[in-house]
């Protein structure tokens, strides 16, 4: 796809996928420069008392070498190893920690199995030769020569500016010459470090810009990714319809357990449930228009009393949510209705009981 069509910023999913494939912005130059910057003060701290330490070391080594033969387990090699470790281990540890810290700061820990997958084209010498003699490699070489050229110019300028001092120091003792050379080297060193630091920053920004350009997406890719992550729009519409249907069925199922239903009588219906263990009646279902008609139909199927009270039905529908108990100000109105309902139900039970007793008595008479 042409790069001109990729005008959209990468999505989080695109960034995550690129990271899983090992596509993380890192600058090797930045890690190397900061590692050198960390090594410099370490060497400065270690060099405190350098002349006396080295004088003592060489004096001890030469004395031991004159007194006994040099052997693998002798003191000369042991002292030499200790001295080497004393100077190299701190420097290596500082460089390692700084490099690791810079790497973590740039892209964190990124383990990419996809990048470790063996590919046949990586083993093709011809492909590597094309890469070596490509314009990209040539441009990278030329870019790396820029800071080298700047540092070389700094060195030449420093030597020219201190040339008379070098001539004068060469005619004096070795200590004056070393001090002059140290001053020149120190001046060139901090300027070179500044050049490398600026160059590594530019390199990181360039790598970041190139990575962002590779991650950019077209409108079609963004839409396709949304479909893959969020699902097909038609499927989402169908799911929402099913969810709405389930939400409608839920209050209808709860209406079957109601004690009574208060109606408007046509527009509103509120199903209440009350048991003696409850502190107050509870709204188990409510609805208006079509849902109200469905609630009334379920009440009729389950022999639940339908009580017509326009004001109470409207108030309960507007102020009480499903699953909540009725407010205290409606206790008396609902209680009066419940008394009527319970009394009617008790009368029905008594009539059924009396009818059952008469039927039983008739059966006894017939049997005689």
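In table form, for the structure just shown:
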{"quantity": "Residue within segment 179-191 that is part of a helix (DSSP H, G or I), modelled with pLDDT under 65 and farther than 23 Å from residue 26 by Cβ present", "calculated": "no"}
{"quantity": "Qualifying residue in segment 216-237 (condition: under 26 Å from residue 150 (Cα atoms), assigned to a helix (DSSP H, G or I) and either at pLDDT below 70 or under 25 Å from the mean Cα position of the chain (by Cα) (or both))", "calculated": "no"}
{"quantity": "Index of the failed condition, residue 361 passing every other in (1) within 50 Å of the chain's Cα centre (by Cα); (2) at pLDDT below 85", "calculated": "(1)"}
{"quantity": "So residue 157, is it assigned by TED's automatic domain parsing to the domain that holds residue 32 and over 36 Å from the mean Cα position of the chain (by Cα)", "calculated": "yes"}
{"quantity": "Sole residue being at pLDDT below 75 and either touching a strand residue (DSSP E or B) at 6+ places or on another chain (Cβ under 9 Å) or farther than 28 Å from residue 27 by Cα (or both), chosen from 127, 72, 120, 115", "calculated": "72"}
{"quantity": "Tally, over segment 275-312, of residues that are at pLDDT 85 or above, in contact with a helix residue (DSSP H, G or I) (Cβ under 6 Å, 6 or more places away or on another chain), over 9 Å from residue 261 (Cβ atoms) and not in a helix (DSSP H, G or I)", "calculated": "3"}
{"quantity": "Flag for residue 337 being surrounded by 10 or more Cβ atoms within 10 Å (Cβ to Cβ) and either touching a residue at least 60 places away in the same chain (Cβ under 8 Å) or not assigned by TED's automatic domain parsing to the domain that holds residue 280 (or both)", "calculated": "yes"}
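Residues checked against (1) within 30 Å of residue 215 (Cβ to Cβ); (2) modelled with pLDDT of 75 or more; (3) not assigned by TED's automatic domain parsing to the domain that holds residue 219:
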{"residue": "7", "(1), (2), (3)": "yes, no, yes"}
{"residue": "14", "(1), (2), (3)": "yes, yes, yes"}
{"residue": "32", "(1), (2), (3)": "yes, yes, no"}
{"residue": "36", "(1), (2), (3)": "no, yes, no"}
{"residue": "51", "(1), (2), (3)": "no, no, no"}
{"residue": "60", "(1), (2), (3)": "no, yes, no"}
{"residue": "95", "(1), (2), (3)": "no, yes, no"}
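The values are calculated or read from the model by the stated rules, or taken from the named source; none is laboratory data. This one's a predicted model, so the numbers in the text were calculated from it and none came from an experiment. When we count neighbours, we look across all protein chains shown, and the Cβ atoms used for this are built from the backbone with ideal geometry, even at glycine.
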